[in-house]
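The values are calculated or read from the model by the stated rules, or taken from the named source; none is laboratory data. Please read these numbers as outputs of a predicted model, since none were measured by experiment. Cβ placement follows ideal geometry from the backbone for every residue including glycine, while neighbour counts extend to all protein chains displayed.
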Amino acid sequence: MRVVLLGAPGSGKGTVAKVLVERTGTPHISTGDMLRAALAAGTPLGVKAREYMESGRLVPDDVVIGLTRNRLGQSDCLSRGYILDGFPRTVPQAEALSVVLSDLGSDIQAVFNLQVSRPALVERLSGRRVCKSCGAIYHVVNMPSKVEGVCDVCGGELYQRADDQPATVENRLDVYEVQTKPLIEYYRNVGLLYPIEGDKGVQAVFESIIHTLDAIGKVARNQA
């Protein structure tokens, strides 16, 4: 499996990726994980990334692409594929990723765009609550704590993060749409984009992805 997961904040990319990993054993690749690993290991790219992160600046594309090249070149990705979660985010990143994969002798099978209605995204994100003490995550509708406002794990106070306030959520979604629309068109134009209805739940999304990959595999075998 060699796929990219796209989707707005709250679309469930991380949850879907987790299920795919559990059921297929495919490595899950996210920029956040790569950055944390590089920082912890003190690699040259990690040191460079730290300079930007500590000053509050975005980590530049060349650093992220370098981390991605290193990760995708590791044995588990070369033998079992990869699930790229939320990366690339822009057309230049997608073009750079294509060069990396070409160098590695790999290619993307499919780019799955998890489509969730805007009202559902706002509800998912604005309903999230986080424990101040242990960081456990809840949702007022989908996964409420046993006692309102109290963490089931440690008894700490639950709160709503500033970036989960409805007005902030709306702005995050606006930014995502502006930044990602060209990327979606890019992958549609190269024939790799597959829309997935993310409103139907994790199991339905998983089955849609597996069904699509099976169909892609059959076409490839017939053309061989």
key: Those residues of segment 184-195 which are within 19 Å of ILE209 (Cβ to Cβ) and part of a helix (DSSP H, G or I), in sequence order   = ILE184, TYR187, ARG188
ask   = Regarding GLU170, is this residue modelled with pLDDT of 90 or more and farther than 15 Å from GLY127 by Cβ?
value = no
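Mind listing whichever residues of segment 20-47 are crowded, with 17+ Cβ neighbours inside 10 Å and farther than 28 Å from SER79 by Cα?
Residues of segment 20-47 crowded, with 17+ Cβ neighbours inside 10 Å: 20, 26-27, 29-31, 34-35, 38, 45-46.
Scanning segment 20-47 gives no hits.
Hey, which of the helices (runs of 4 or more DSSP H) in segment 1-60, taking only ones fully inside, have at least 3 residues that are closer than 27 Å to GLN203 by Cβ? Break it down into steps so the answer makes sense when it comes.
Values: elements: 13-24, 31-41, 44-54.
Counting at least 3 such residues, we get 13-24, 31-41.
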task = Write out, first by first residue and then by second, each pair whose Cβ atoms fall under 8 Å of each other, whose residues are 6+ apart or on separate chains, and whose first residue, in segment 118-144, is farther than 13 Å from GLN165 by Cβ while the second is assigned to a helix (DSSP H, G or I) and not basic (Lys, Arg).
result = ARG118/LEU173; ALA120/ASP199; LEU121/VAL169; LEU121/LEU173; VAL141/GLU123
In segment 171-200, residue surrounded by the most Cβ atoms within 10 Å (Cβ to Cβ) [restricted to those that are touching a residue at least 40 places away in the same chain (Cβ under 8 Å) and among the hydrophobic types (A, V, I, L, M, F, W, C)] = ILE196
task = Search segment 44-57 for residues that are free of Cβ contacts under 8 Å to residues at least 12 places away in the same chain and pair each with any residue that is not in a helix (DSSP H, G or I) and not polar (S, T, N, Q) when their beta-carbon atoms are under 8 Å apart and the residues are at least 6 apart or on different chains.
result = TYR52/LEU58; TYR52/VAL59; TYR52/PRO60
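Tell me which helices (runs of 4 or more DSSP H) are completely within segment 66-165 and hold 1 or more residues being crowded, with 20+ Cβ neighbours inside 10 Å and aliphatic (A, V, I, L, M), or say none if there are none. First the steps, then the outcome.
Values: elements: 75-80, 91-104, 118-126.
In segment 66-165, the matching helices (runs of 4 or more DSSP H) lie at 91-104, 118-126.
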